[in-house]
Amino acid sequence: CNNMSRKNQMLLELDTFPAIFMSFVQKKSNHSLFLFFEGKDDGKYYYPRVSHIFNGASYEPIICGCKKNLIQMQNAIKQQTSTKNIATLYFVDRDYDDNSNLDCDIYVTPTYSIENLYFTDRAILAMLQVELGISILDDDDKQDFEVAFFFLKDKRDKLIKSILYANAVYSLQIRKSSNSRQRGPDMSAIQKCKDIMGISKFE
């Protein structure tokens, strides 16, 4: 695009698979632990959960920009480079994809995306207890805890319900495009969310 600034063009190029792979190759001799993520914020969730395996060792995050790039990275590293002295971990979202053919070295979230893991009942409880310092065991806090918990839980459930049909249609489009070898899901017929809100599961 002629209107794209040089800065934006350079940033776009940094997200390409060859650039990401080259970055890894250049860093490989200086680090012993590499974690590969789709997005830049994923490490905030994953690293605290795997750090104990490596005794709290520091790691080098490799942000791949998308699932396709990450899968390409895993394949290329496995086939083209030695990982004798380093550990590599790969994390992707389940999405609506068929992940059955992914290499067993790639961790796939049990839910649609990593964001879902922040909104489980358990996660809400932990947030209230740890982040806000509210304890369900403290008599003074108990009522406030219950009010806050059920408020957040209700908001989450309403949000999920409001996007349920859109997610269902998108999931079906993914399957349709995969079965017919289309380039991707076709959502062009849907202009507004309300267009699909009245769809019956029996239709």
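So the values come out like this:
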{"item": "Accessible area in square angstrom per residue, the range 111-178, 1.4 angstrom probe", "result": "74 Å²"}
{"item": "Percent carbon-and-sulfur accessible area, the range 115-179, ignoring ligands, DNA and RNA, probe 1.4 Å", "result": "57 percent"}
{"item": "Inter-label distance, nm, simple model (7 Å from Cα along the C-beta direction), ASN167/LYS40", "result": "2.7 nm"}
{"item": "Largest-first ordering by accessible area, 1.4 Å probe, given options LEU70, LEU125", "result": "LEU125, LEU70"}
{"item": "Among the listed pairs LYS40/LYS142; LYS28/LYS176; LYS44/LYS158; LYS44/LYS153; LYS78/LYS153; LYS84/LYS176, those beyond 32 Å (Cα-Cα)", "result": "LYS40/LYS142; LYS28/LYS176; LYS78/LYS153; LYS84/LYS176"}
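The values are calculated or read from the model by the stated rules, or taken from the named source; none is laboratory data. Values in this document were obtained by computation on a predicted structure and should not be read as measured data. Glycine gets a Cβ as well: all are built from the backbone with ideal geometry, and neighbour counts include every protein chain shown. Calculation scope for accessible area: heavy atoms of the full protein, side chains included, ligands and nucleic acids excluded. Shrake-Rupley method; radii C 1.70, N 1.55, O 1.52, S 1.80 Å.
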